[in-house]
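Structure, as structure tokens:
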Amino acid sequence: MPPVSVAFVGTSQGRWSVERLETVSGPSLPPARHVEFLEGEAAGRSVGDAAWVLRGITSYERYVTRAEHDALALRQERLGRPDSTRAALIPIKKSAKWWDLAQDERRQVFEERSHHVACGLEYLPEIARRLHHGRDLGEPFDFLTWFEFAPVDEPQFEELLQRLRATEEWTYVEREVDIRLTR
């Protein structure tokens, strides 16, 4: 799949209503009542009354093996499922210490020690997800993580977040905002 440009726009109107916006670490974002999720050419357009605009792009999978890639592809559901009326946008910025590691060292922290992919696989297909990269675009967040799920799967999503945030990988997170949404 070719890269897809995205923009998440905190605004007064939009498809997704903000239920809560919480700062986990680092500076927060200004409040917004709605989030609009724009893709492709629409992601590049200017936005009028935005409290904030977060841009990213899909990219290749940097830290997964072929077996992990295949397992994710087999279980991952598409975004936009009718019953997935809950979402979470979680922008993350990692520390300079993380980026100073070589890619194989980041892989060791990411999967061998923190089990990021293995953990995420346990929650598929109920929780659909897509990762967007902002670091190479000069954006304030390195990653824009987007999750969609049905209301009945919200406790499992909370469990997934709790498990990931308890890993070694999360010791490298210096800024994280948790935005919960409903459609």
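Results, tabulated for the structure shown:
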{"quantity": "Sequence-separation-based contact order of the chain, relative, with Cα cut under 8 Å and 6+ spacing, percent", "calculated": "33"}
{"quantity": "Nearest-ten-degree value, helix 66-75 long axis tilted from longest Cα axis of the chain", "calculated": "40"}
{"quantity": "Neighbour net charge for His115 - beta-carbon separation under 15 angstrom, K R +1, D E -1", "calculated": "-2"}
{"quantity": "Gain on full stretching of the segment that runs from Ala150 to Arg135 - 0.36 nm per residue minus C-alpha separation", "calculated": "2.4 nm"}
{"quantity": "Cα point-scatterer Debye curve for the range 1-88, base-10 log of I(q)/I(0) at q = 0.11, 0.19 Å⁻¹", "calculated": "-0.42, -1.06"}
{"quantity": "Whether the range 68-145 is rounded, prolate or oblate, judged on the alpha carbon gyration tensor where a/c under 1.5 counts as rounded", "calculated": "oblate"}
{"quantity": "FRET E, pair Gln162, Ser46, Förster distance 30 Å, beta-carbon r, rounded to 0.05", "calculated": "0.20"}
{"quantity": "From phi via Karplus (6.51, -1.76, 1.60), per-residue ³J(HN,Hα) for the range 24-38 in Hz, x at Gly/Pro", "calculated": "8, 7, x, x, 8, 10, x, x, 8, 8, 9, 10, 9, 10, 10"}
{"quantity": "Whether the range 101-145 is rounded, prolate or oblate, judged on the alpha carbon gyration tensor where a/c under 1.5 counts as rounded", "calculated": "oblate"}
{"quantity": "Distance between modelled label sites at Glu174 and Arg20, nm, 7 Å Cα→Cβ extension", "calculated": "2.7"}
{"quantity": "Translational D in µm²/s for the chain (Stokes-Einstein at 20 °C, 1.002 mPa s, Kirkwood Rh from C-alpha pairs)", "calculated": "127"}
{"quantity": "Anisotropy class of the range 97-183 from Cα gyration tensor, a/c 1.5 cut", "calculated": "oblate"}
{"quantity": "Positive-pole candidate from Trp52, Ala96, Val177, dipole of the range 5-182, charges at beta carbon", "calculated": "Trp52"}
{"quantity": "Modelled FRET efficiency - R0 30 Å, Gln76 with Arg183, Cβ distances, 0.05 increments", "calculated": "0.95"}
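Laboratory data are not the source of any read-out in this text; all were calculated from the coordinates shown. Source: prediction; values computed, not measured. Reconstructed Cβ throughout: ideal geometry from the backbone, glycine too, with neighbour counts over all protein chains shown.
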